[in-house]
Amino acid sequence: VVHDLSYHLSPGEVVALVGHNGAGKTTQIKMMLGLVRPDAGLLRVLGADPAQGRHARQALGYLPESVQFHPSFTARETLAFYARLKGLPAQGHEALFDRVGLADAADRPVRGYSKGMRQRIKVAAALVHDPQVLLLDEHTAALDPQRAKHVTELTERMVSEQNLTTIM
């Protein structure tokens, strides 16, 4: 699907991958994450092959199209889980809850969250380790237009504040 593709992104640059279903957008993201290897050619993320080592992968924040959270976990417990996956302390993420607009709901179980609130947890999980590059795969899928706009504005604000290179 992905054939004869070449691009370079600078810090702070935002690029949208646009195409029909099956065009290779998610495949490109999976290659950047090191989950899928290209059949030919060379792939570098922050100067390294993401399939060869942790450095490039550690510098990436990934917001997948769909993810299931444990319904009994609170947002705080959910973010602690993602922080531990990145080798970070489970506590101390209050500023991130504030930034994504979940400070007042951080101790409520996720099962009672709206779709928009769940998307905000996904944004927080993707940013918990202060990545250099943010990969968004269909980050507004299944959201109504108002919630999609809110999540897009939130993501744009985070990208701007952190000067992230972003592919969505």
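The values are calculated or read from the model by the stated rules, or taken from the named source; none is laboratory data. Keep in mind that this is a model prediction, so the values were computed, not measured. Glycine gets a Cβ as well: all are built from the backbone with ideal geometry, and neighbour counts include every protein chain shown. Side chains included, ligands, DNA and RNA excluded: accessible areas come from the protein's heavy atoms. Shrake-Rupley method; radii C 1.70, N 1.55, O 1.52, S 1.80 Å.
The table below lists the values:
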quantity	calculated
Residue with peak Gaussian network fluctuation, the chain [Cα springs, cutoff 10 Å], from Asp107, Asp49, Asp39	Asp39
Antiparallel bridges, percent of DSSP beta bridges restricted to the chain (to nearest 5)	20 percent
In degrees, nearest ten, helix 115-127 long axis to first principal axis of the chain (Cα)	60 degrees
Karplus-derived HN-Hα couplings along the stretch 37-51 (A = 6.51, B = -1.76, C = 1.60, θ = phi - 60°), whole Hz, x at Gly and Pro	9, x, 5, 8, x, 10, 10, 10, 10, 6, x, 10, 7, x, 7
Rounded accessible area per residue of the chain, 1.4 Å, Å²	57 Å²
Between 0 and 90°, nearest 10: helix 145-162 axis offset from the chain longest Cα axis	70 degrees
Local electrostatic count, Tyr62, Cβ distance below 15 Å [Lys/Arg +1, Asp/Glu -1]	+2
In Å², nearest 10: area of Ser66 left accessible to a 1.4 Å probe	90 Å²
Estimated FRET transfer efficiency (His8, Gln146; beta-carbon r; R0 45 Å; 0.05)	0.80
Accessible area of the chain belonging to carbon and sulfur atoms, whole % at 1.4 Å probe	51 percent
Largest-first principal axis extents, alpha carbons of the stretch 1-151, Å	47, 35, 27
In degrees, nearest ten, helix 75-85 long axis to first principal axis of the chain (Cα)	40 degrees
Within-11-Å neighbourhood charge of Ile29 [Cβ basis; K, R +1; D, E -1]	-1
Where Tyr113, Tyr62, Tyr82 fall by accessible area, highest first, once all protein chains stay in place (1.4 Å)	Tyr62, Tyr82, Tyr113
